[in-house]
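Scroll down for the structure; my scribbles are underneath it.
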Amino acid sequence: SKKIARLFVYLVPITVVFYFCQEFILSTYFNQIEFKITTFSIYLFHFLTVAVSYTLLVLVNKYFFQQTGYAFLAFGIIKMGLSVFFLMPVVDSEIANKIPDVLSFFIPFFIFLLFSCTRSGKDLVSEVERQSPLVTNDISNQQITAFGEDGKGHIWIGTFRGLNKFSVNEYHQY
């Protein structure tokens, strides 16, 4: 699908750039510290979890679009659980100072979390809004720009915030 291809157009360069930035910082400023988990495995983990969860989210959005928000939350919880599992070698190790390993994992974790939230919001939330109109007791905005009636007797009202259809004492916002 176009959405998944568009994800990889952004995800691959972001992963590569941040990977090399982190490698440079660690080798330049923290070369005395021995890390239990490699930077490559951290970025591979984040890349795969974002790619898989986003692909599954697109499928949920396509076939069960009203469940998209729940699926996004579920994939976030699953990713947190996988993160704990991924960090178990650090937790179980005899390393005295585990903070560098944890930070080298969670800094990219939050970068990828921000990326997946913005990408999902941009691609999927707007589609849900297009597919299911909001049913309310009021129009989307009081500044009306257009007004009309269709052949079925529905009143259509255009505003600065969207298109509204009045039907049987309720408004549908598109």
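The values are calculated or read from the model by the stated rules, or taken from the named source; none is laboratory data. Being a predicted model, the structure only gives us computed values, none of them experimental. When we count neighbours, we look across all protein chains shown, and the Cβ atoms used for this are built from the backbone with ideal geometry, even at glycine. Heads up: the accessible areas ignore ligands, DNA and RNA and are worked out on the full protein's heavy atoms, side chains in. Shrake-Rupley method; radii C 1.70, N 1.55, O 1.52, S 1.80 Å.
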Residue list for segment 83-110, filter: touching a helix residue (DSSP H, G or I) at 6+ places or on another chain (Cβ under 6 Å) and either part of a helix (DSSP H, G or I) or open to solvent by 70 Å² or more (accessible area, probe 1.4 Å) (or both): Phe86, Val90, Asp101, Phe105, Pro108
With criteria (1) more than 20 Å from Phe18 (Cβ to Cβ); (2) in a helix (DSSP H, G or I), Ala51 comes up short on (1)
Return the residues of segment 30-72 that are in contact (Cβ under 8 Å) with a residue 40 or more places away in the chain and β-branched (Val, Ile, Thr); say none if nothing qualifies. Ile33, Ile37, Thr39, Ile42, Thr49, Val50, Thr55, Val58, Thr68
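This table checks each residue for (1) surrounded by 15 or more Cβ atoms within 10 Å (Cβ to Cβ); (2) not in a loop (DSSP other than H, G, I, E, B).
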{"site": "Ala5", "(1), (2)": "no, yes"}
{"site": "Val9", "(1), (2)": "no, yes"}
{"site": "Thr15", "(1), (2)": "yes, yes"}
{"site": "Cys21", "(1), (2)": "no, yes"}
{"site": "Ile25", "(1), (2)": "no, yes"}
{"site": "Thr28", "(1), (2)": "no, yes"}
{"site": "Gln32", "(1), (2)": "no, no"}
{"site": "Lys36", "(1), (2)": "yes, no"}
{"site": "Ile42", "(1), (2)": "yes, yes"}
Inside segment 54-69, the number of residues satisfying the requirement of being modelled with pLDDT of 90 or more and among the aromatic types (Phe, Trp, Tyr) is 1
State yes or no: is Gly121 farther than 30 Å from Gly162 by Cα, open to solvent by less than 90 Å² (accessible area, probe 1.4 Å) and out of contact with any helix residue (DSSP H, G or I) (no Cβ under 6 Å at 6 or more places or on another chain)? no
